[in-house]
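Below you'll find the structure, written out as structure tokens, and then a few comments.
The values are calculated or read from the model by the stated rules, or taken from the named source; none is laboratory data. Quick caveat: nothing in here was measured; it's all calculated off a predicted structure. Cβ: placed from backbone, ideal geometry, glycine included. Neighbour counts: every protein chain shown.
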Amino acid sequence: MKKVMVMVLAVAAAGAFVAGCGGGNTAGNAAPAKVTRPEPKGDYKGKKMPETANAEAAANTWKANCASCHGEGAAGDGSLGSGLNPKPTDLTAAAFQDAVGDDYLFWRISEGNPDMMFGNTSGMRGFSSEIKEEDRWNLVKFIRSKKK
Ligand code: HEC
């Protein structure tokens, strides 16, 4: 008989980084490149997008879960997004896309707004329990496909 021990690892990385934003970011994320984004935490850091990730396969997932805030084309102009503070990031902006890795995108989609780094009012929540991993990678690919 095999005895299985489940070890729960504490989130060791908690507090291990200092969020670079100096506060007072009340203007929202209209210029997202100006926001200092932390490195993805724990296992998320350095994660590679599978080669099979498919932007078109994410189209429906995007419409159902993301477009209301981020807009159909990911420009941050969804109807629900306009009332939010901070506002949804324009994910199409080259400055944003160049500033972040695939691991960062995957992390944010999975975990939302860890440590409230973009303000504790951020409407961005984590989707790891609702959208399976493969589809979250498809969303990353989808976002990459929208780069302006
Ligand atoms: C209720 C509105 C809302 C929904 C729904 C939503 N988001 Fe967001 N999202 C936001 C807001 C607001 C921000 C900007 C603040 C922040 O980064 O926390 C954001 C930030 C992000 C970021 C990080 C951008 C940055 O500036 O670093 C990514 C990536 C992202 N969203 C992807 C998605 C994806 C993919 C979905 C669908 C699975 C989704 N979001 C659903 C509101 C939303």
Exercise for the section: Kindly check whether there is at least one residue in the range 110-133 that is in contact with a helix residue (DSSP H, G or I) (Cβ under 9 Å, 6 or more places away or on another chain), at pLDDT 95 or above and within 15 Å of R37 (Cα to Cα). Expected result: yes
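Please pick out the residue among A94, A75, A99 that is touching a Ser or Thr at 6+ places or on another chain (Cβ under 7 Å) and either over 16 Å from T36 (Cα atoms) or among the hydrophobic types (A, V, I, L, M, F, W, C) (or both).
Going through A94, A75, A99 in turn, just one is touching a Ser or Thr at 6+ places or on another chain (Cβ under 7 Å) and either over 16 Å from T36 (Cα atoms) or among the hydrophobic types (A, V, I, L, M, F, W, C) (or both): A75.
Is at least one residue of the range 43-66 closer than 17 Å to R136 by Cβ, at pLDDT below 95 and not in a loop (DSSP other than H, G, I, E, B)? Don't jump to the end; show me each part of the working.
Step one: filter the range 43-66 for residues closer than 17 Å to R136 by Cβ, giving 43-66.
Still in the running and at pLDDT below 95: none.
Within the range 43-66, not a single residue is closer than 17 Å to R136 by Cβ, at pLDDT below 95 and not in a loop (DSSP other than H, G, I, E, B).
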Handout entry: Some residue of the range 132-146 being within 11 Å of the ligand (Cβ to nearest atom), aliphatic (A, V, I, L, M) and without any contact (Cβ under 8 Å) to a residue 60 or more places away in the chain
Key = no
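May I ask you to verify whether S122 is surrounded by 15 or more Cβ atoms within 10 Å (Cβ to Cβ), polar (S, T, N, Q) and at negative phi? Lay out the reasoning, then the answer.
Working: surrounded by 15 or more Cβ atoms within 10 Å (Cβ to Cβ): yes; polar (S, T, N, Q): yes; at negative phi: yes.
Yes, satisfied.
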Practice task
Please work out if S110 is among the hydroxyl-bearing types (S, T, Y) and surrounded by 16 or more Cβ atoms within 10 Å (Cβ to Cβ).
Solution key: yes
Completion exercise
By residue number, the members of the range 98-116 that are within 10 Å of the ligand (Cβ to nearest atom) and in a helix (DSSP H, G or I) are A99, Y104, L105, F106, W107, R108, I109, S110, P114, M116
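Take G46 and decide whether it is more than 10 Å from the ligand (Cβ to nearest atom), over 14 Å from S145 (Cα atoms) and touching a residue at least 24 places away in the same chain (Cβ under 8 Å). Don't jump to the end; show me each part of the working.
On the way: more than 10 Å from the ligand (Cβ to nearest atom): yes; over 14 Å from S145 (Cα atoms): yes; touching a residue at least 24 places away in the same chain (Cβ under 8 Å): yes.
Considered against the rule, which asks whether it is more than 10 Å from the ligand (Cβ to nearest atom), over 14 Å from S145 (Cα atoms) and touching a residue at least 24 places away in the same chain (Cβ under 8 Å), G46 comes out as yes.
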Practice task
Take the range 72-97 and flag every residue that is near the ligand (Cβ under 8 Å from one of its atoms) and in a helix (DSSP H, G or I).
Solution key: G81, F96
Fill in the blank from the handout: Those residues of the range 117-136 which are over 12 Å from the mean Cα position of the chain (by Cα) and in a helix (DSSP H, G or I) amount to E133, E134, D135
Exercise for the section: Consider G76 carefully, then state whether it is closer than 17 Å to K148 by Cα and modelled with pLDDT of 95 or more. Expected result: yes
